[in-house]
Amino acid sequence: MASYLSQAKDLMQQFTSCKVVHIKRSENRNADALSKLASTSFEHMGRDVRIEVSDTQSVTQHQVLVIQTGTSSWMTPIVNYLTSGTLPDEKAEARKICHKALCYQVHEGVLFQKSFLGPLLRCVDAKESNYVIREIHEGICGLHAGPRMVVAKIMNAGYYWPGMHMDAVKEIRKCDACQRHVPQTLQPQNNLVLVTLAWPFQKWAIDIMGPFPEAPGRVKFLLVAIDYFTKWVEAKPLAHIMAANVKKFLWEYIICRFGLPQTLVSDNGTQFADKNLQE
(Lines give C-alpha, C1' and ligand atoms only; values in the text may rest on other atoms or scores of the structure.)
Protein backbone atom coordinates (compact mmCIF):
# COMPACT_ATOMS: atom_id res chain seq x y z
CA MET A 1 0.00 0.00 0.00
CA ALA A 2 2.90 2.36 0.63
CA SER A 3 4.13 1.79 -2.93
CA TYR A 4 0.70 2.57 -4.37
CA LEU A 5 0.52 5.69 -2.22
CA SER A 6 3.87 6.97 -3.48
CA GLN A 7 2.84 6.30 -7.08
CA ALA A 8 -0.45 8.13 -6.53
CA LYS A 9 1.42 11.14 -5.16
CA ASP A 10 3.67 11.16 -8.24
CA LEU A 11 0.62 11.13 -10.52
CA MET A 12 -1.02 13.95 -8.54
CA GLN A 13 1.96 16.21 -9.24
CA GLN A 14 1.28 15.97 -12.99
CA PHE A 15 -2.08 17.76 -12.64
CA THR A 16 -2.59 21.48 -12.10
CA SER A 17 -5.16 20.86 -9.34
CA CYS A 18 -6.14 17.77 -7.43
CA LYS A 19 -8.68 17.07 -4.69
CA VAL A 20 -8.94 14.04 -2.41
CA VAL A 21 -12.49 13.16 -1.31
CA HIS A 22 -13.41 10.55 1.30
CA ILE A 23 -16.10 8.22 -0.08
CA LYS A 24 -18.49 6.54 2.32
CA ARG A 25 -18.78 2.78 2.39
CA SER A 26 -22.40 2.90 1.17
CA GLU A 27 -21.31 4.84 -1.92
CA ASN A 28 -18.34 2.61 -2.72
CA ARG A 29 -20.19 -0.55 -3.77
CA ASN A 30 -19.06 -0.43 -7.40
CA ALA A 31 -15.40 -0.21 -6.44
CA ASP A 32 -15.82 -3.08 -3.95
CA ALA A 33 -17.42 -5.24 -6.64
CA LEU A 34 -14.56 -4.56 -9.04
CA SER A 35 -11.96 -5.33 -6.40
CA LYS A 36 -13.56 -8.74 -5.69
CA LEU A 37 -13.52 -9.82 -9.34
CA ALA A 38 -9.89 -10.82 -9.10
CA SER A 39 -10.68 -13.57 -6.58
CA THR A 40 -13.67 -14.98 -8.45
CA SER A 41 -13.92 -17.14 -11.55
CA PHE A 42 -14.82 -15.59 -14.90
CA GLU A 43 -16.86 -18.48 -16.35
CA HIS A 44 -20.24 -17.59 -14.83
CA MET A 45 -19.99 -13.93 -15.92
CA GLY A 46 -20.39 -14.65 -19.62
CA ARG A 47 -20.52 -11.59 -21.82
CA ASP A 48 -22.17 -9.27 -19.31
CA VAL A 49 -18.93 -8.03 -17.73
CA ARG A 50 -15.85 -7.07 -19.69
CA ILE A 51 -12.62 -7.74 -17.85
CA GLU A 52 -9.18 -6.65 -18.91
CA VAL A 53 -6.28 -8.52 -17.38
CA SER A 54 -3.01 -6.56 -17.23
CA ASP A 55 0.15 -8.58 -17.73
CA THR A 56 2.39 -5.94 -16.17
CA GLN A 57 2.21 -4.74 -12.60
CA SER A 58 1.23 -1.16 -11.93
CA VAL A 59 3.91 -0.94 -9.23
CA THR A 60 7.27 -2.33 -10.31
CA GLN A 61 9.37 -1.22 -7.37
CA HIS A 62 9.44 -3.23 -4.18
CA GLN A 63 9.50 -1.13 -1.04
CA VAL A 64 11.52 -2.51 1.83
CA LEU A 65 11.12 -1.33 5.39
CA VAL A 66 14.50 -0.05 6.52
CA ILE A 67 15.20 0.54 10.21
CA GLN A 68 18.02 2.95 10.88
CA THR A 69 19.68 1.82 14.09
CA GLY A 70 22.48 4.39 14.13
CA THR A 71 26.18 4.23 13.58
CA SER A 72 27.09 2.53 16.84
CA SER A 73 25.36 0.97 19.83
CA TRP A 74 26.16 -1.38 22.68
CA MET A 75 26.21 -4.25 20.15
CA THR A 76 28.87 -2.72 17.88
CA PRO A 77 32.05 -3.81 19.76
CA ILE A 78 30.67 -7.31 20.36
CA VAL A 79 29.72 -7.74 16.70
CA ASN A 80 33.11 -6.45 15.57
CA TYR A 81 34.89 -8.92 17.85
CA LEU A 82 32.79 -11.92 16.81
CA THR A 83 32.96 -11.17 13.08
CA SER A 84 36.45 -9.79 12.57
CA GLY A 85 38.19 -10.15 15.95
CA THR A 86 38.56 -6.37 16.41
CA LEU A 87 39.06 -5.17 20.00
CA PRO A 88 39.48 -1.70 21.52
CA ASP A 89 42.92 -0.39 22.36
CA GLU A 90 42.27 -0.29 26.12
CA LYS A 91 43.14 -3.59 27.77
CA ALA A 92 40.39 -3.39 30.41
CA GLU A 93 37.69 -2.69 27.84
CA ALA A 94 38.99 -5.39 25.53
CA ARG A 95 38.92 -7.91 28.38
CA LYS A 96 35.30 -7.02 29.16
CA ILE A 97 34.27 -7.50 25.54
CA CYS A 98 36.01 -10.89 25.40
CA HIS A 99 34.06 -12.06 28.45
CA LYS A 100 30.76 -10.64 27.14
CA ALA A 101 31.21 -12.20 23.73
CA LEU A 102 31.02 -15.69 25.25
CA CYS A 103 27.26 -15.15 25.80
CA TYR A 104 26.54 -13.95 22.25
CA GLN A 105 26.73 -15.22 18.70
CA VAL A 106 26.21 -13.71 15.26
CA HIS A 107 23.90 -15.40 12.77
CA GLU A 108 23.40 -13.87 9.31
CA GLY A 109 24.64 -10.49 10.51
CA VAL A 110 22.30 -10.35 13.52
CA LEU A 111 23.53 -10.55 17.11
CA PHE A 112 21.80 -13.05 19.40
CA GLN A 113 22.25 -13.79 23.09
CA LYS A 114 22.68 -17.38 24.14
CA SER A 115 20.38 -18.80 26.79
CA PHE A 116 20.71 -21.98 28.81
CA LEU A 117 17.11 -23.18 28.74
CA GLY A 118 15.51 -21.15 25.96
CA PRO A 119 16.03 -20.14 22.33
CA LEU A 120 18.37 -17.45 21.09
CA LEU A 121 17.29 -13.90 21.95
CA ARG A 122 17.71 -11.23 19.32
CA CYS A 123 19.64 -8.19 20.56
CA VAL A 124 18.18 -4.75 19.82
CA ASP A 125 19.44 -1.20 20.26
CA ALA A 126 17.92 1.70 22.23
CA LYS A 127 15.41 2.82 19.56
CA GLU A 128 14.09 -0.67 18.94
CA SER A 129 13.93 -1.42 22.66
CA ASN A 130 11.64 1.59 23.28
CA TYR A 131 9.34 0.41 20.50
CA VAL A 132 9.27 -3.15 21.87
CA ILE A 133 8.41 -1.93 25.39
CA ARG A 134 5.57 0.28 24.14
CA GLU A 135 4.20 -2.48 21.93
CA ILE A 136 4.23 -5.05 24.73
CA HIS A 137 2.89 -2.64 27.35
CA GLU A 138 0.24 -0.65 25.48
CA GLY A 139 0.03 -2.28 22.05
CA ILE A 140 -2.85 -4.23 20.52
CA CYS A 141 -2.47 -7.08 23.01
CA GLY A 142 -1.00 -4.95 25.79
CA LEU A 143 -2.34 -5.32 29.32
CA HIS A 144 -0.62 -2.26 30.86
CA ALA A 145 1.22 -4.63 33.16
CA GLY A 146 4.12 -3.87 35.47
CA PRO A 147 7.78 -3.81 34.46
CA ARG A 148 8.48 -7.37 35.65
CA MET A 149 5.74 -8.89 33.49
CA VAL A 150 6.66 -6.66 30.54
CA VAL A 151 10.28 -7.84 30.69
CA ALA A 152 9.15 -11.47 30.90
CA LYS A 153 6.93 -11.04 27.81
CA ILE A 154 9.76 -9.34 25.92
CA MET A 155 12.08 -12.26 26.59
CA ASN A 156 9.34 -14.74 25.64
CA ALA A 157 8.96 -12.83 22.38
CA GLY A 158 12.68 -13.33 21.73
CA TYR A 159 14.32 -9.94 22.40
CA TYR A 160 17.10 -8.87 24.73
CA TRP A 161 19.21 -5.83 25.63
CA PRO A 162 21.12 -4.81 28.79
CA GLY A 163 19.13 -2.89 31.40
CA MET A 164 15.74 -4.20 30.29
CA HIS A 165 14.08 -3.74 33.68
CA MET A 166 15.24 -0.14 34.17
CA ASP A 167 14.17 0.85 30.65
CA ALA A 168 10.78 -0.78 31.20
CA VAL A 169 10.30 1.16 34.44
CA LYS A 170 11.12 4.47 32.71
CA GLU A 171 8.76 3.85 29.80
CA ILE A 172 5.89 2.60 31.99
CA ARG A 173 6.13 5.70 34.17
CA LYS A 174 5.46 7.79 31.05
CA CYS A 175 2.22 5.90 30.25
CA ASP A 176 -0.73 8.28 30.66
CA ALA A 177 -3.32 5.49 31.04
CA CYS A 178 -1.38 3.85 33.88
CA GLN A 179 -1.10 7.17 35.71
CA ARG A 180 -4.83 7.85 35.39
CA HIS A 181 -6.18 4.38 36.25
CA VAL A 182 -3.63 3.23 38.82
CA PRO A 183 -5.31 1.82 41.97
CA GLN A 184 -5.02 4.13 44.95
CA THR A 185 -3.50 2.56 48.04
CA LEU A 186 -4.42 3.76 51.52
CA GLN A 187 -1.08 2.70 52.94
CA PRO A 188 1.11 5.72 53.77
CA GLN A 189 4.31 6.23 51.81
CA ASN A 190 6.44 6.63 54.95
CA ASN A 191 6.23 5.35 58.48
CA LEU A 192 4.00 7.40 60.76
CA VAL A 193 5.82 9.54 63.31
CA LEU A 194 4.13 9.81 66.68
CA VAL A 195 4.03 13.26 68.28
CA THR A 196 4.25 12.98 72.08
CA LEU A 197 3.48 16.08 74.15
CA ALA A 198 3.51 16.61 77.88
CA TRP A 199 0.34 18.72 78.16
CA PRO A 200 -2.38 20.18 75.90
CA PHE A 201 -1.83 23.42 73.96
CA GLN A 202 1.93 22.99 74.15
CA LYS A 203 2.47 22.81 70.40
CA TRP A 204 0.37 24.43 67.67
CA ALA A 205 0.41 24.14 63.88
CA ILE A 206 -0.63 27.17 61.83
CA ASP A 207 -1.45 27.32 58.12
CA ILE A 208 -2.96 29.72 55.58
CA MET A 209 -5.70 28.44 53.26
CA GLY A 210 -7.01 30.18 50.16
CA PRO A 211 -7.68 32.26 48.24
CA PHE A 212 -11.38 31.30 48.20
CA PRO A 213 -14.28 33.09 46.48
CA GLU A 214 -14.87 36.41 48.18
CA ALA A 215 -17.38 36.39 51.05
CA PRO A 216 -19.09 39.33 52.77
CA GLY A 217 -16.41 41.68 54.03
CA ARG A 218 -14.19 40.74 51.03
CA VAL A 219 -12.61 37.93 53.04
CA LYS A 220 -11.02 35.21 50.92
CA PHE A 221 -8.28 33.73 53.14
CA LEU A 222 -8.52 31.48 56.16
CA LEU A 223 -5.93 31.38 58.93
CA VAL A 224 -6.09 28.04 60.79
CA ALA A 225 -4.29 26.88 63.94
CA ILE A 226 -4.52 23.29 65.30
CA ASP A 227 -3.31 21.96 68.65
CA TYR A 228 -1.21 18.79 68.35
CA PHE A 229 -2.50 17.22 71.59
CA THR A 230 -6.28 17.81 71.59
CA LYS A 231 -6.69 18.62 67.84
CA TRP A 232 -8.43 21.85 68.88
CA VAL A 233 -9.01 24.13 65.87
CA GLU A 234 -8.96 27.92 65.83
CA ALA A 235 -9.71 29.72 62.55
CA LYS A 236 -10.30 33.27 61.38
CA PRO A 237 -11.25 34.60 57.92
CA LEU A 238 -9.08 37.43 56.57
CA ALA A 239 -9.23 39.72 53.57
CA HIS A 240 -5.45 40.19 53.38
CA ILE A 241 -2.55 38.18 54.75
CA MET A 242 -0.24 40.53 56.61
CA ALA A 243 2.12 40.17 59.56
CA ALA A 244 -0.07 42.40 61.72
CA ASN A 245 -3.14 40.22 61.07
CA VAL A 246 -1.23 37.04 61.96
CA LYS A 247 0.12 38.57 65.18
CA LYS A 248 -3.37 39.73 66.14
CA PHE A 249 -4.77 36.27 65.47
CA LEU A 250 -2.12 34.59 67.63
CA TRP A 251 -2.66 37.06 70.46
CA GLU A 252 -6.48 36.92 70.49
CA TYR A 253 -7.17 33.25 69.65
CA ILE A 254 -4.21 31.40 71.19
CA ILE A 255 -2.17 33.38 73.71
CA CYS A 256 -5.07 35.08 75.49
CA ARG A 257 -7.15 31.89 75.62
CA PHE A 258 -4.62 29.08 76.14
CA GLY A 259 -1.43 30.83 77.13
CA LEU A 260 1.88 31.18 75.31
CA PRO A 261 2.62 27.95 73.40
CA GLN A 262 6.03 26.36 73.70
CA THR A 263 6.36 25.59 69.96
CA LEU A 264 4.58 26.88 66.86
CA VAL A 265 4.90 25.07 63.50
CA SER A 266 4.21 27.00 60.26
CA ASP A 267 2.87 25.59 56.98
CA ASN A 268 6.37 24.95 55.57
CA GLY A 269 7.49 23.03 58.68
CA THR A 270 9.41 25.88 60.37
CA GLN A 271 9.27 25.70 64.18
CA PHE A 272 9.33 28.77 66.39
CA ALA A 273 10.28 28.49 70.06
CA ASP A 274 8.65 30.41 72.89
CA LYS A 275 11.40 33.09 72.87
CA ASN A 276 10.75 33.91 69.24
CA LEU A 277 7.00 33.96 69.86
CA GLN A 278 7.38 36.53 72.64
CA GLU A 279 9.22 38.81 70.24
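The values are calculated or read from the model by the stated rules, or taken from the named source; none is laboratory data. The shown structure was predicted, so the numbers you read here are calculated from the model rather than taken from an experiment. Positions of Cβ are generated from backbone atoms using ideal geometry, with glycine treated the same way; all protein chains shown enter the neighbour counts.
Data for the structure
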quantity: Counted residues, region 152-182 - those being under 16 Å from the mean Cα position of the chain (by Cα) and under 26 Å from Val110 (Cα atoms); calculated: 6
quantity: Count of region 144-165 residues which are in contact with a strand residue (DSSP E or B) (Cβ under 9 Å, 6 or more places away or on another chain) and β-branched (Val, Ile, Thr); calculated: 1
quantity: Selection count where residues are among the β-branched types (Val, Ile, Thr) and either touching a Gly at 6+ places or on another chain (Cβ under 8 Å) or part of a loop (DSSP other than H, G, I, E, B) (or both), scope region 89-124; calculated: 1
quantity: Residue count for region 160-174, restricted to those that are exposed (fewer than 13 other Cβ atoms within 10 Å of the Cβ) and not basic (Lys, Arg); calculated: 4
quantity: Some residue of region 193-203 being touching a residue at least 60 places away in the same chain (Cβ under 8 Å), of a type in the set (S, T, N, Q), out of contact with any helix residue (DSSP H, G or I) (no Cβ under 6 Å at 6 or more places or on another chain) and not in a strand (DSSP E or B); calculated: yes
quantity: Extreme residue, modelled with the lowest pLDDT, among residues of region 196-228 that are of a type in the set (Phe, Trp, Tyr) and either touching a strand residue (DSSP E or B) at 6+ places or on another chain (Cβ under 7 Å) or more than 16 Å from Arg257 (Cβ to Cβ) (or both); calculated: Phe201
quantity: Output for region 73-88, where each listed residue is part of a helix (DSSP H, G or I) and closer than 30 Å to Ile172 by Cβ; calculated: Thr76, Pro77, Ile78, Val79
quantity: Selection from region 207-241 of residues that are part of a loop (DSSP other than H, G, I, E, B) and within 43 Å of the chain's Cα centre (by Cα); calculated: Gly210, Pro211, Phe212, Pro213, Glu214, Lys220, Tyr228, Lys231, Ala239, His240, Ile241
quantity: Options Ala157, Ala177, Ala225, Ala215: the member that is surrounded by 15 or more Cβ atoms within 10 Å (Cβ to Cβ) and either of a type outside the set (Phe, Trp, Tyr) or at positive phi (or both); calculated: Ala225
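Residues checked against (1) within 28 Å of Asn245 (Cβ to Cβ); (2) touching a Pro at 6+ places or on another chain (Cβ under 9 Å); (3) in the same structural domain as Val124 (by TED's automatic domain parsing):
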{"site": "Ala145", "(1), (2), (3)": "no, no, yes"}
{"site": "Lys153", "(1), (2), (3)": "no, no, yes"}
{"site": "Met166", "(1), (2), (3)": "no, yes, yes"}
{"site": "Asn191", "(1), (2), (3)": "no, no, no"}
{"site": "Ala215", "(1), (2), (3)": "yes, yes, no"}
